[in-house]
1. Filter the stretch 76-129 down to the residues that are β-branched (Val, Ile, Thr) and open to solvent by less than 100 Å² (accessible area, probe 1.4 Å) and list them by number.
2. How do the pairs read when you match residues in the stretch 71-93 that are part of a helix (DSSP H, G or I) with residues anywhere that are open to solvent by less than 60 Å² (accessible area, probe 1.4 Å), using Cβ under 8 Å and keeping only pairs 6 or more apart or on different chains?
Amino acid sequence: MTLFLAVTSGTGGLVTALGLNLQTFTLDLIAFLVTAGVVGKWVFPPLTRALDAKKDELEATAKHELDAKKALEQAEKSAAQTLVKARESADEIIAGAHADAAAQIEAARVKAEAQTERMISEAREQLARDVQQARGELKSETAKLVAGAAENLLGEKLDPQHDAALIGRSLEAE
């Protein structure tokens, strides 16, 4: 407090006590105020506008980034759903193909069985016809052999009626 009293009570006052030149201080103050006015009028407004524009641009970019992230998440969900649907559809198609293949295999098996049965039946019928034909041929050959043997035994040629009667008796005896 004594220093303050000493400074104010002196002849030069506070400015002289601080070691300042009043004329230089005044000119520096005027230069500062002019510089501050020029900066405030012509430098800060464009700088503020540029900073505000950059801030708006960054906010818009952030908003676009957020929208893009949401769109990406939605697209990923949609892709996942589409993939699930595609897998389900593929599973259905595969199951249908397996069922069709099984049905075709079963139809082929049934057809093959029917064809096999038909072939077996035809073979049996052919075998029965061949057996009947062989029996007929065997009877005919047997009759010829019996007639030849009787001819050799009797030494004479028998007439067809006599041959037939003799053969009939021979076949009945067996």
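1. Those that are β-branched (Val, Ile, Thr) and open to solvent by less than 100 Å² (accessible area, probe 1.4 Å): THR82, VAL84, ILE94, VAL110, THR116, ILE120.
2. Pairs found: none.
The values are calculated or read from the model by the stated rules, or taken from the named source; none is laboratory data. Because the structure is a prediction, the values reported are computed rather than measured. Cβ: placed from backbone, ideal geometry, glycine included. Neighbour counts: every protein chain shown. For the accessible areas, the whole protein counts, side chains as well, though only heavy atoms, and no ligand, DNA or RNA atoms are used. Shrake-Rupley method; radii C 1.70, N 1.55, O 1.52, S 1.80 Å.
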